Amino acid sequence: MATHTETISDEPASKLRWLEDWVVGWGAAAIQCVVSVGDITLFTFRTFAWMFTRWPRREAVLANFNQVGVLSLPVVAVTGTFIGMVLAVQSYSQFKMLGMESRLGAVINMTLIRELGPVLAATMLAGRVGSAMAAELGTMRVTEQIDALDIMGANPIHYLVAPRFLACLLLIPTLTIMADFMGVLGGYFYSVTILGIDRHHFWYNSQQFVGHWDLFSGVFKSFFFGAVIGMVGCYRGFNCSPGAEGVGRAATASFVYSFVLILFLDLVLNILIETTHNSFWPDANPVF
Amino acid sequence: MENTNEPEQREEAENTPLVGVSHLHVDFSRQRVLSDINLSVARGETVAVIGESGCGKTVLLKSMIGLLPPTSGSVEFDGQDLRQLKEREMANQRTRIGFVFQQAALFDSMTVGQNVAFPLRQHRSLSPHEMKQLVLARLAEVGLPDSIIFKKPAELSGGMRKRVGLARALILSPELMLYDEPTTGLDPIMSDVINQLIMRTRQRDHVTSVVVTHDMRTARTVADRVVMLYPYSRLRPGESQILFDGPPDAIDQCDDRRVRQFVDGQAGDRLMEMRELSET
């Protein structure tokens, strides 16, 4: 039976065919890349538009706050505690060589609050929260539940994405503060109880070197990390390809993209924060 | 002036097809699925869209309510081009349409009661008591007991899920019902139950219906008109993708070998194609 399909080109195969394929392949990848960036940008704009024009339903917000915030609390607390203790273990021998053990509190708490607390808490939450969102929304896409919402006149971005994004945006910084707090306690416990650092010096040096700006910079970054986790997780789930494999890919991609973006943003925001700090307080003393 | 025009306008509106698809093309990436589809569905009519798997039946159904944007061409609902509608207008129009999904698409985080009440919560201001009464009434219409409202969709059989999906689609008393493979995966008895429910819905509520199916029994039972789609990739150049458009009885007299092959459920040349493929 004679059949026909839409074909890209009817040109005969030639010796330069491989070159054509190569160009077409890279061209398609470049177009796909631009389309994806445009797509996620529009997705983000639409989410913000819905958040500002019509507040998500209370029950949807509360359910997501519970999922993102309350249920993540234990694992964030445990992670924070161990980060603090590991920092104490790692820093102690180095500082002892220099005879500066008493300043252990300063280095542990500074590192925790400015860098490790926000980044590791965000990484952990990208795995726990972001992947779960991608898998949940991906399953809803595959089983046509998102289409069903659309057909029943409920905008899926308003109904599904806005409350999840809001939960990530507001609660990931809160969880970061929790991770910082538990990390400080963990570092204190290990330094004072196990390593025998003087309690007074531990807190005194922390107080001397860790300031409001450090806490602000850590929490400020975590708002961006939260936004990235929420947006990437929802976007990957929303654009999930069919089947169980598609859902799995969406969950994995959500974590990988979030992780890379968190590290990239961390660099950019650190440069921004340092530049701002130096322009306001050019004579500020270095920590050590 | 307005009074003299009113009856004419009403008559004109009544004569306008509820759904009008013209020169519809839908492509996915570089693959064409629907090509130059022209189809209109009159008010009160039940149209069955039949065809083999992958021929674009569901794509056509989803294009009819703007879930899938056309590559070119237009889809009109009640005289309004769906592409011209703003998001809120589209949401309002969709309250006039009920959609029964192939796998029911019930929200698995909600109970059956919450699923059926969902459109009411979105679009009506009713008290919880009124809402519950409406939900129970719709569930009773599809033959489901009151006790089911507290169950989760995962606890239901395929037939029950389909009926809950039907109750949810009917809860806002839509003017147009779209059914995507309503009997697929069901036993013959449950298939007949669903067919009877489709017919009863049509008779009682005078709704216009489009039923996508590859089950000839369903098409013959529920439809006033049958439209057969053929996969675009298998068409000869210049051919229409709609191979048959007429009353269910006339399909048996259709001369087209491909229509006969589908109606009789014969593999025909497909076996030869499969053999050729396996040899290459």
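The values are calculated or read from the model by the stated rules, or taken from the named source; none is laboratory data. Only a predicted model underlies this, so the values are computations on that prediction, with no experimental measurement involved. For neighbour counting, all protein chains shown are included, and Cβ atoms are generated from backbone atoms with ideal geometry for every residue, glycine included.
Some values worked out for this structure:
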item	result
Pairs where the first residue, in the range A:192-210, is free of Cβ contacts under 8 Å to residues at least 12 places away in the same chain and part of a helix (DSSP H, G or I) and the second is among the aromatic types (Phe, Trp, Tyr) and buried (at least 16 other Cβ atoms within 10 Å of the Cβ), C-beta under 7 Å, 6+ apart	A:VAL192/A:PHE202
Failed item in (1) surrounded by 20 or more Cβ atoms within 10 Å (Cβ to Cβ); (2) over 14 Å from the mean Cα position of the chain (by Cα); (3) under 22 Å from A:PRO74 (Cα atoms), with A:SER217 passing the rest	(3)
Some residue of the range B:255-264 being within 14 Å of chain A (Cβ to nearest Cβ), of a type outside the set (Lys, Arg), in contact with a Pro (Cβ under 9 Å, 6 or more places away or on another chain) and not in a loop (DSSP other than H, G, I, E, B)	no
Residue check for B:THR111: away from chain A (no Cβ under 13 Å), in contact (Cβ under 8 Å) with a residue 12 or more places away in the chain and closer than 30 Å to B:LEU139 by Cα	yes
Residue pairs meeting the criteria (Cβ under 7 Å; at least 6 apart or on separate chains; first more than 8 Å from chain A (Cβ to nearest Cβ) and within 28 Å of B:LEU186 (Cα to Cα), in the range B:90-105; second at pLDDT below 90 and not in a helix (DSSP H, G or I))	B:VAL100/B:PRO182
Cβ-Cβ under 9 Å pairs, at least 6 apart or on other chains, the range B:267-279 side under 17 Å from B:PRO231 (Cα atoms), far side outside any helix (DSSP H, G or I)	B:ASP269/A:MET1; B:GLU273/A:MET1; B:MET274/B:ALA267
A:ALA154, sole failed condition from (1) under 30 Å from A:ILE40 (Cα atoms); (2) part of a helix (DSSP H, G or I)	(2)
Residue tally, condition in a helix (DSSP H, G or I), touching a Leu at 6+ places or on another chain (Cβ under 9 Å) and surrounded by 13 or more Cβ atoms within 10 Å (Cβ to Cβ), over the range B:137-153	5
First in the range B:5-34 and of a type outside the set (S, T, N, Q), second anywhere and at pLDDT below 70, Cβ under 6 Å, 6 or more apart	B:ARG32/A:GLU6
Test: residue in the range B:33-53 that is at pLDDT 90 or above and closer than 16 Å to A:ASP150 by Cβ	no
Those residues of the range B:54-67 which are in a loop (DSSP other than H, G, I, E, B) and either within 13 Å of chain A (Cβ to nearest Cβ) or out of contact with any strand residue (DSSP E or B) (no Cβ under 8 Å at 6 or more places or on another chain) (or both), in sequence order	B:GLY54, B:ILE65, B:GLY66, B:LEU67
Positions within the range B:75-100 being within 25 Å of B:ARG30 (Cβ to Cβ) and surrounded by 15 or more Cβ atoms within 10 Å (Cβ to Cβ), in sequence order	B:VAL75, B:LEU82
Some residue of the range B:219-227 being farther than 27 Å from B:ARG43 by Cβ and modelled with pLDDT of 85 or more	no
Cβ pairs under 6 Å, 6+ apart, first in the range B:221-237 and away from every other protein chain (no Cβ under 14 Å) and surrounded by 18 or more Cβ atoms within 10 Å (Cβ to Cβ), second among the hydrophobic types (A, V, I, L, M, F, W, C) and not in a strand (DSSP E or B)	B:VAL222/B:ILE198; B:VAL222/B:MET199; B:VAL226/B:ALA219; B:VAL226/B:ILE251; B:MET228/B:VAL259; B:LEU229/B:CYS55
Which numbered condition A:MET51 misses (of (1) farther than 25 Å from A:PHE216 by Cβ; (2) assigned to a helix (DSSP H, G or I))	(1)
Test: residue in the range B:183-195 that is modelled with pLDDT under 90, within 14 Å of chain A (Cβ to nearest Cβ) and under 14 Å from the mean Cα position of the chain (by Cα)	yes
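The rows are residues; the columns are (1) part of a loop (DSSP other than H, G, I, E, B); (2) modelled with pLDDT of 90 or more; (3) more than 21 Å from the chain's Cα centre (by Cα); (4) small (Gly, Ala, Ser).
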site: B:PRO69; (1), (2), (3), (4): yes, no, no, no
site: B:ARG88; (1), (2), (3), (4): no, no, yes, no
site: B:GLN103; (1), (2), (3), (4): yes, no, no, no
site: B:LEU106; (1), (2), (3), (4): yes, yes, no, no
site: B:GLY113; (1), (2), (3), (4): no, yes, yes, yes
site: B:VAL116; (1), (2), (3), (4): no, yes, no, no
site: B:PRO119; (1), (2), (3), (4): no, yes, no, no
site: B:VAL135; (1), (2), (3), (4): no, yes, yes, no
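Conditions tested, residue by residue: (1) without any contact (Cβ under 8 Å) to a residue 24 or more places away in the chain; (2) under 21 Å from A:ASP214 (Cβ atoms); (3) part of a helix (DSSP H, G or I); (4) more than 22 Å from the chain's Cα centre (by Cα).
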site	(1), (2), (3), (4)
A:VAL119	no, yes, yes, no
A:GLU136	no, no, yes, no
A:MET140	no, no, yes, yes
A:ARG164	no, no, yes, no
A:CYS168	no, no, yes, no
A:MET178	no, yes, yes, no
A:TYR188	no, yes, yes, yes
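Conditions tested, residue by residue: (1) part of a helix (DSSP H, G or I); (2) exposed (fewer than 12 other Cβ atoms within 10 Å of the Cβ); (3) touching a residue at least 60 places away in the same chain (Cβ under 8 Å).
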site: A:ARG236; (1), (2), (3): yes, no, yes
site: A:THR252; (1), (2), (3): yes, no, yes
site: A:VAL260; (1), (2), (3): yes, no, no
site: A:LEU267; (1), (2), (3): yes, yes, no
site: A:ASP283; (1), (2), (3): no, yes, no
